[in-house]
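The values are calculated or read from the model by the stated rules, or taken from the named source; none is laboratory data. All values derive from a computational prediction rather than experimental measurement. Heads up, the Cβs are rebuilt from the backbone with ideal geometry, glycines too, and the neighbour counts pull from every protein chain shown. Side chains included, ligands, DNA and RNA excluded: accessible areas come from the protein's heavy atoms. Shrake-Rupley method; radii C 1.70, N 1.55, O 1.52, S 1.80 Å.
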Amino acid sequence: MRKHLSYLLSAISGVLVAASCIEETLPEGNDNLTGMIFTAKNECLLIQGTKTALSHDLTTHWIDGDAIGVFSISDNNVKCTLVSAEEGKFSGNGVKGDGPYYAVYPYSSNNIFDGPVLTAEVPQIQTVSAGQCVASGALVTACESSTTTLMFRNCVALMRLEIPRSDIKQVKIEATGKNEYLTGRFTMNLSDDVLMPAVIADSQTASASVILKADKGSLASGVYYAAVLPTSLSGIKITFTDASDEEIVVSKESSITLERSNGISFGSFFTHDISTPEELIAWSKQSAKFTSWDVVNINSDIDMTDYASEYTEAVDFKGHFNGNGYTISGLKTPLFANLYGSVENLTLNSTINYKGKTANMPGHNQAVGILAHIAYATENPDAQISKVTTNGSLSVNRTTALDKYFVAGGLLGSSNGVKIVDCENYATVKVASMTLTGTSSRLCAGGIVGQTSSSLTSVIRCGNYGNVSISENCSSEAQSITGGIAGYVSTDGLFTSCANSASIINSAKNASGYFTGGIIGTIGTVANANGSSTKAWEYGNINGCSNSGIISDNSECSTAVSHWLGGIIALASVSNITFDNCDNYGTVTLDVSKCNVANVGGLFGQVYQAVESTIQKCNNFSGATVSINNAECATIYEGGIVGFTNNKPVTLLNCINRAQIVNTGNASASI
């Protein structure tokens, strides 16, 4: 009997409850025939969890090639093969004696019946064929019958496993206690007067482990069952081995009872439910222990207002955090310090007054976001943040100086290659007090992310609705960079269908340069006042993005420095990039007392190119005034689409400016 277990199961944890199938009345075979016919039926298992009751039973399906061994008073272990799968009929030559009959599945020459006592084996290595959830021959069953209708009883218990990935080639389950066995030879008394027959392991041949593996390649993701000896365990260890021989080990050190024709589910090993502030605090303290397999589920709204002082940012989290549409409110710190996993379907309502100290992650003092200081894709290239909404406020007030850089974002301080999809920020992001030291330092603020760096980052269908501003007193070496979606984008990336409708204000004091953009402050590595770059964007695209917010630079400087403003991007230092279908509806205004060079455009302040790039189907609409007010500038570049391009030509295709261009400064404008 090869058991195809028919089921419709959700992710549950709990006990597998057994029930017997209803017995049908079937014709009995003729005891005097040389080729005797036996009709086989079997106990079934009904799955019922502690959270979800399911009506689908684990039913028995006989298939071609199945065979049982039949014993009688005068015959020993006659092999009977399947002749009718629908009726469960088996035929065997050589069964001549009368009942009682004893039978066992699967057939093996090593099976023994001594009267009603069976000796058989549960295999240690259980090989699962494609499309099955249990190994052929693993579900050992046996029976005693006075007729040729055989009502089999299960000899095994089941362990239910959820495999979340499709590259697992082997799962090994081990009993951790002394003299505890899961597979091997056993005995079972099938006498009629034994209602619940005991299964007793042979300690001389039994094994403490069971191994699930695919017959070809890897196990597909899904639910699987390991057949084991009924027993009691003090704990187990489960080792998952993937196609590259990397191992993930999980363990459970608590008593486990495995009853015959029953079992237990281990889905809870990778699923963790959080519903209370206490549970969230406990999780954050253990977050570094979670693997990429682990799923954390938020199952209710959680108010952390009275617990905020007890919460510390989660560190080194590599799993999947699912908010399930719920809100975590009242936090005064980011949810994560450093994030290596994925987050989805979560709303955060936080009020963070960041003073530049992360208690449990000192290395991340130079970035802050409401969701996380920094998110990485280095541990998991598929890491993604999706459908996360941030509300409240993020204010940076640091009294001690930092070297080189500081970045702040409504969602993330910094993103290292993480895909950000369908996220929204409604929180205000304000850098109110910050001093940076060192040459070529930068201060960045963005509605979604302060900066992206290192590897390809995608930001798709994200929106910012919270005002972003920098108003600190910078050092003379620091650049002040603000953007509605991202402040500073240092490497290649993709920004698609993003929108900003909030005010993006750059009012920093005494910076070395100012960059203010509706979508992005600057892309590429800025080195010189003319916008030239030591590293240009070489791959990626900006398409379908729009701004309807106010873009304003009203900074104060004691010396004349350069300023870049754009409804989409303030400065784009790129190489062979296409800007496509981007629109600006918001005003773009530079209002300073003095400046060196002003680069102001309805969409792009400046495009500096290592290789020719294209701007196509981009529009600056009426009402989106481009203004330079009261500025005593050495040079002004001002335009409806782009203020200034240099180094290589820019191709403009099907672009329209409908906005008014205003210059009230004392220098002539190049429009």
Item checked: Using alpha carbons only: equivalent-ellipsoid semi-axes of the range 296-351, gyration tensor based, whole Å -> 17, 15, 8
Next item on the list: Just the ratio, please: alpha-carbon radius of gyration of the range 133-178 over 2.2 N^0.38 Å, N its number of residues.
Entry: 1.71
Check: If the convex hull of the alpha-carbon atoms of the range 538-626 is projected onto planes in all directions, what is the mean projected area in square nanometres?
Finding: 5.9 nm²
Next item on the list: Sort all Cα-Cα distances of the range 194-298 into consecutive 5 angstrom bins from zero, then give the percent of pairs in each bin up to the one containing the longest distance.
Entry: 2, 8, 16, 20, 17, 15, 11, 6, 4, 1, 0
Note to self: If amide hydrogens are placed 1.01 Å from N in the peptide plane, which non-local residues have theirs closer than 5 Å to the one on residue 420?
What the structure shows: 385, 458, 459, 460
Item checked: Nonlocal amide H pairs with residue 182, under 5 Å, H built at 1.01 Å -> 207, 208, 209
Note to self: Please list 3J(HN,Hα) in residue order for the range 372-388, calculated via the Karplus relation 6.51 cos²θ - 1.76 cosθ + 1.60 where θ = phi - 60°; whole Hz, with x for glycine and proline.
What the structure shows: 7, 5, 9, 10, 10, 10, 5, 7, 9, x, 8, 4, 8, 10, 9, 6, 10
Checklist line | Taking N as its residue count, the alpha carbon Rg of the range 256-327 over 2.2 N^0.38 Å | finding: 1.32
Checklist line | Estimated D of the range 168-230 in µm² per second, where Rh is the Kirkwood radius over Cα pairs and Stokes-Einstein applies at 4 °C, 1.567 mPa s | finding: 95 µm²/s
Note to self: I want the local charge near residue 543. Using Cβ-Cβ distances under 13 Å, sum +1 for each Lys or Arg and -1 for each Asp or Glu among the other residues.
What the structure shows: 0
Checklist line | Cα-only Debye scattering, the range 110-216: base-10 log of I(q)/I(0) at q = 0.10, 0.18, 0.21, 0.24 Å⁻¹ | finding: -0.34, -0.95, -1.16, -1.34
Notebook entry, point to check: Which ³J(HN,Hα) values, rounded to whole Hz and listed in residue order, are derived for the range 336-345 from phi using the Karplus coefficients 6.51, -1.76 and 1.60 in 6.51 cos²θ - 1.76 cosθ + 1.60 with θ = phi - 60°, glycine and proline given as x?
Noted result: 10, 7, 10, 10, 10, x, 10, 9, 8, 6
Check: So how exposed is residue 395, as accessible area in Å² (1.4 Å probe, rounded to 10)?
Finding: 30 Å²
Next item on the list: Quick one: which residues, 5+ away or cross-chain, put their amide H under 5 Å from the amide H of residue 595? H built at 1.01 Å from N.
Entry: 632, 633, 634
